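Take a look at the structure set out below.
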């Protein structure tokens, strides 16, 4: 009988699952989700949700979503003997129902008062049966890899191992381009790590026309004979040749492609800013058009505020790079190889990223590595002994890990980035401040590095079977006592996730995956009857497992 | 078309407000440029009034009546009424015609009743958007020409603010690109005007109407407004000044095609045109603050023949409706200038106007009569091509700006100016080479159609 | 034609004036030592400011040094920042330099300088992201307020006790992590229950306007740079509700 292994990547913006034949190592099936089941858009939102709704509820959300993906694989799950899960510390903790309160706060005083300081997340192997509701064979084993620190988890270890920088005998930096940008600098045999809250702009959020990778999202912009060619994601989320437009007017010169443009992704934003800078359509923080907009279409446009948001996000990444370099005693100019991972890292145009300072200026090689977390999980399923390698690496990294938020260097450099992107401080002044602070200087510019794409798409290998895209969004209905059907909550919801029915008493439904998270709660605040409770929806959803 | 190679005025000292070497006389006997400055009032209809021909006619009837009546009320002896077509009036040539006929009747009535001398200028809207339609062959083009035909029947003067080259100009101005500005003005604007104005002059001659003139409004005024005042810095004032000098060589084409003046009010390049052609010009400055601010409110009046308010939306003020109020203001401005003439103080009065703004900024400086004349001279001395004369105008303008120590320009303005000069110096000598270069550089600009200009 | 070379009565070239004053700080004193101090502050050079102040203290009254050297120098920096010539990192360096100089003068005076008003700043319990708070501190110092900096990861009770002890005119809180922002309404509620109704300006990446205006005393601080103007309004007698209606909504 064929034995099957399951590799799981629990990402902040979505889950990815693959089934492998343990004998041949071949990929049998893949399934992905286009969103994370928990409300909110970043790890802090997920933690915040867990603190409010309870660990059990959060765990239930994650497992129910995962179950749908496992079913989406369309294989005989009874043959599964081993599973490996990779992801950041929060996702892994939610998966195994481990307390996450220590991850919720960065301040040591608060952690001590909670009795939660110094929590270590080592690797472990558990039986699937101990995870409630999970539809894998009870006796099959699940490998949980270790974390370095609350901010740097198994996904970061995967990134370091799977990009192969440790084997290249040169100074290299790896960056995961996501809301939480984990990064590692390898120099003279030492690995320096850190993680910066680049913010949601890097994934297209907090940008007026920004969006995650959805059909109709602009993912790239290329100059083409004085105009600009859009790349638009089609219905299957594959990049498709889009319209030829003029900037900044956004007039279509040539129709192309079938997907109407609905917004712009993080990589699209990077491409747009980079092209606009090169064509002098932007002088930071100004947009040099008569109406102050860069229009992609009549309805999709990029404004000054978007530019500042995106700038702050990219600035946080350059700040992280500079901080690690300062710790290693080198300049970003000394970095020879840059590896980009994560979805954004896979699709990013290197030249454009370099224009914005996201890739060190003088690198000779750039490796676009795709989803290293899923690749690591595949390795662990096939070779469980690799867990030890990860643990040894994790141990080593704990000494050279840099907590950016308490790093004086990071704070100083970030202030320079902030001023550069929001006040238009000139780069030469920025650099003179680096000198004043005794920090490494860098040469702004674009090299022409050799680009190695190790994967075709962000999943990496997918085997011969197609990828199932599974809807894991959770919708829940309630009839709140005292609700008058005034629709204040529906109107005020920034995500348009609430729908109030017309009947009396009204049925109010909430799309929980679209929900902005418990840090928003506009719905509860605006309710004149104070009868709307988001938590009620969470509890109801978590309570009904039977329907799956 | 022969490019001008002589100056009508031998010296800038001869240029004076109210008098042109070649005055023109309207159907009703009003002489423009014949010794007196005459106000030119431009009322603008309120939004909403364009819904039907009836409501629009009523709006213009009131506005034009109010202006005429106020002239009688305060004793202004003469006035020109200009109606700038809103797009509906040109899109429906009969609308423009009906309003023209109506106004001509009003003017006739005031002449009979009070002896007020008045004239009507119909300015057709250039509805040919260069990025949307072929300038020479489109429905919009046909409508424009038809409107000229129909309005010329009853109007005294016909004019237009033509848009040729606007697509390349808009692209270039936000990129601070002097090459593109030169291309849009000298090559594109110039060619479009030659094509268009030959036709307008033909219509005017057939209909016994005055072909007034054009303006570089769509380009030079855009630049001037973007440069703004003393605290704006979207583009340098020096770039706006260069654009004006280049634009003068373009607007001149109307007169080379046979237009006799009076030039259009918003053409701030008109002092240069007057120096070259000797024809009467309409100008606007301080009394057009209702439409936009400028840094040359008095100096621009130094050699004007008509004195205009640019455009004012029709509505009530304490002192009456806006056309009445502005007709009164413009008339008194003109009366002061005419008093100076009557007393023989015109040179002194002109000196006051010039000194008010000569050193206020680059625009006021280059439009002072002496400097305007020098730019005009550079234009006529380089008559071998549109390109050569436009570039010469730019060089002369820059030379003047840098040559008078009393004109202070900020470091930023000066640095930018030296940068533009460097670019201009790097351009080829011959027009054909310049066109080749620009066709390569701008061929993909949105909406640019070379055949609109008879290129390739 | 005559051209008048003196145009001063005809027009004012504000563009030239703006450019001249843009290049560097205006002359603030005819006294060499005081001007030198102001220049050091404008350069953001803490060490040189201290040296210049020490030297000046041998001859001059500390209050004179503060009011006619250090503060005017800082005011010039603030003006240049407003005009887009200086940038935030420079303002912070200058603020630090001025504070170092004031400290030396205070030592000589033997008592602290009387400031415009006391303001307590802190970063929420559990949070250590304090870039926003450091900017607020520097700008408030620069504007002459006394800043009591409680630092980062400050427990609710410590904030409340500090308010009772110092009686500030304003309290600020910064939070980047949404998990930590729940401390703010708790602090506000405690202050309110003790009838200590001071404006509580909350800012940082985690909080938004709806959240902060959802509890009494809360005023949302969109940008760190707004802090001095808000504090200025309080000095003019603005109550927390007035502050909220002016700066929020």
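The values are calculated or read from the model by the stated rules, or taken from the named source; none is laboratory data. Just so it is clear, the model here is predicted, and its values are computed rather than measured. Here the Cβ positions follow ideal geometry from the backbone for every residue, glycine too, while neighbour counts run over all protein chains shown.
Just name the residue that is nearest to residue C:15 (Cα to Cα) out of those in the stretch B:351-362 that are part of a helix (DSSP H, G or I) and facing another protein chain (nearest Cβ under 7 Å). Ranking the qualifying residues of the stretch B:351-362, first place goes to B:356.
What strands (runs of 3 or more DSSP E) lie completely within the stretch A:73-171 and have 3 or more residues being surrounded by fewer than 16 Cβ atoms within 10 Å (Cβ to Cβ), away from chain C (no Cβ under 14 Å) and touching a strand residue (DSSP E or B) at 6+ places or on another chain (Cβ under 9 Å)? Strands (runs of 3 or more DSSP E) meeting the threshold: A:124-127.
A single member of B:279, B:317 is buried (at least 24 other Cβ atoms within 10 Å of the Cβ) and touching a helix residue (DSSP H, G or I) at 6+ places or on another chain (Cβ under 9 Å), and it is B:279. For the stretch B:2-34, the tally of residues that are surrounded by 14 or more Cβ atoms within 10 Å (Cβ to Cβ) and at positive phi stands at 2.
Within the stretch B:279-310, the set of residues being in a loop (DSSP other than H, G, I, E, B) and within 22 Å of residue B:340 (Cα to Cα) comprises B:279, B:280, B:285, B:296, B:297, B:298, B:302, B:303, B:304, B:305, B:309.
Considering the stretch C:139-218, there are no qualifying helices (runs of 4 or more DSSP H) wholly inside with 2 or more residues that are assigned by TED's automatic domain parsing to the domain that holds residue C:77 and in contact (Cβ under 8 Å) with a residue 60 or more places away in the chain.
Of the residues making up the stretch B:368-391, those that are within 14 Å of chain C (Cβ to nearest Cβ) and over 14 Å from residue B:5 (Cα atoms) are B:368, B:369, B:370, B:371, B:372.
Do the conditions hold for residue A:359, that is, is it part of a strand (DSSP E or B), crowded, with 20+ Cβ neighbours inside 10 Å, modelled with pLDDT of 90 or more and more than 14 Å from every other protein chain (Cβ to nearest Cβ)? No. Residue B:119 meets the conditions (1) buried (at least 20 other Cβ atoms within 10 Å of the Cβ); (2) within 20 Å of residue B:167 (Cβ to Cβ) in every case but one. The failed one is (2). Meeting the requirement of 3 or more residues that are within 14 Å of chain C (Cβ to nearest Cβ) and over 29 Å from residue A:86 (Cα atoms), the helices (runs of 4 or more DSSP H) wholly within the stretch A:374-452 are A:408-422, A:427-436. Among the residues of this structure, residue A:433 counts as one that is without any contact (Cβ under 8 Å) to a residue 40 or more places away in the chain, more than 30 Å from residue C:126 (Cβ to Cβ) and outside the structural domain of residue A:81 (by TED's automatic domain parsing). Restricting attention to the stretch B:93-125, the residues being touching a residue at least 40 places away in the same chain (Cβ under 8 Å) and part of a loop (DSSP other than H, G, I, E, B) number 2. The lone criterion from (1) within 24 Å of residue B:163 (Cβ to Cβ); (2) not in a helix (DSSP H, G or I) left unmet by residue B:390 is number (2).
Considering the stretch A:286-337, and only residues there that are out of contact with any helix residue (DSSP H, G or I) (no Cβ under 8 Å at 6 or more places or on another chain) and over 22 Å from residue A:246 (Cα atoms), the residue that is surrounded by the most Cβ atoms within 10 Å (Cβ to Cβ) turns out to be A:324.
Considering each of A:307, A:247 in turn, give the residue that is free of Cβ contacts under 8 Å to residues at least 60 places away in the same chain and either more than 10 Å from chain B (Cβ to nearest Cβ) or at negative phi (or both).
A:247
Would you check if residue A:465 is free of Cβ contacts under 8 Å to residues at least 60 places away in the same chain and either surrounded by fewer than 17 Cβ atoms within 10 Å (Cβ to Cβ) or not assigned by TED's automatic domain parsing to the domain that holds residue A:278 (or both)? Break it down into steps so the answer makes sense when it comes.
On the way: free of Cβ contacts under 8 Å to residues at least 60 places away in the same chain: no; either surrounded by fewer than 17 Cβ atoms within 10 Å (Cβ to Cβ) or not assigned by TED's automatic domain parsing to the domain that holds residue A:278 (or both): yes.
The answer is no for residue A:465.
Annotation note: of C:48, C:60, the sole residue that is over 18 Å from the mean Cα position of the chain (by Cα), under 19 Å from residue C:93 (Cβ atoms) and free of Cβ contacts under 8 Å to residues at least 60 places away in the same chain is C:48. For the stretch C:96-103, the count of residues that are in contact with a strand residue (DSSP E or B) (Cβ under 6 Å, 6 or more places away or on another chain), at pLDDT 95 or above, surrounded by 24 or more Cβ atoms within 10 Å (Cβ to Cβ) and on the phi < 0 side of the Ramachandran plot is zero.
Consider residue B:400 against the criteria (1) buried (at least 16 other Cβ atoms within 10 Å of the Cβ); (2) within 14 Å of chain A (Cβ to nearest Cβ): it satisfies all of them except one. Which criterion is unmet? Condition not satisfied by residue B:400: (2).
Looking at the stretch A:507-532 only, could you name the residues that are within 11 Å of chain C (Cβ to nearest Cβ) and over 31 Å from the mean Cα position of the chain (by Cα)?
Answer for the stretch A:507-532, where residues must be within 11 Å of chain C (Cβ to nearest Cβ) and over 31 Å from the mean Cα position of the chain (by Cα): there is none.
Any residue at all in the stretch B:416-427 that's more than 24 Å from residue B:173 (Cβ to Cβ) and either crowded, with 19+ Cβ neighbours inside 10 Å or touching a helix residue (DSSP H, G or I) at 6+ places or on another chain (Cβ under 8 Å) (or both)?
no
The set of residues in the stretch B:321-350 that are more than 30 Å from residue B:61 (Cα to Cα), part of a helix (DSSP H, G or I) and more than 10 Å from chain C (Cβ to nearest Cβ) comprises B:339, B:340, B:341, B:342, B:343, B:346, B:349.
Just so you know, in the stretch C:42-54 the residues that are touching a helix residue (DSSP H, G or I) at 6+ places or on another chain (Cβ under 7 Å) and more than 15 Å from residue C:109 (Cβ to Cβ) include one that is surrounded by the most Cβ atoms within 10 Å (Cβ to Cβ), and it is C:49.
Residue C:70 meets all of the listed conditions (1) modelled with pLDDT of 90 or more; (2) within 14 Å of another protein chain (Cβ to nearest Cβ); (3) surrounded by 15 or more Cβ atoms within 10 Å (Cβ to Cβ) but one, namely (2). Of all the residues that make up the stretch C:118-159, how many are under 11 Å from the mean Cα position of the chain (by Cα) and farther than 13 Å from residue C:204 by Cβ? The number of residues fulfilling the criteria is 12. Restricting the search to the stretch C:1-11, which residues are surrounded by 11 or more Cβ atoms within 10 Å (Cβ to Cβ) and closer than 12 Å to residue B:408 by Cβ? Within the stretch C:1-11, C:7, C:11 qualify.
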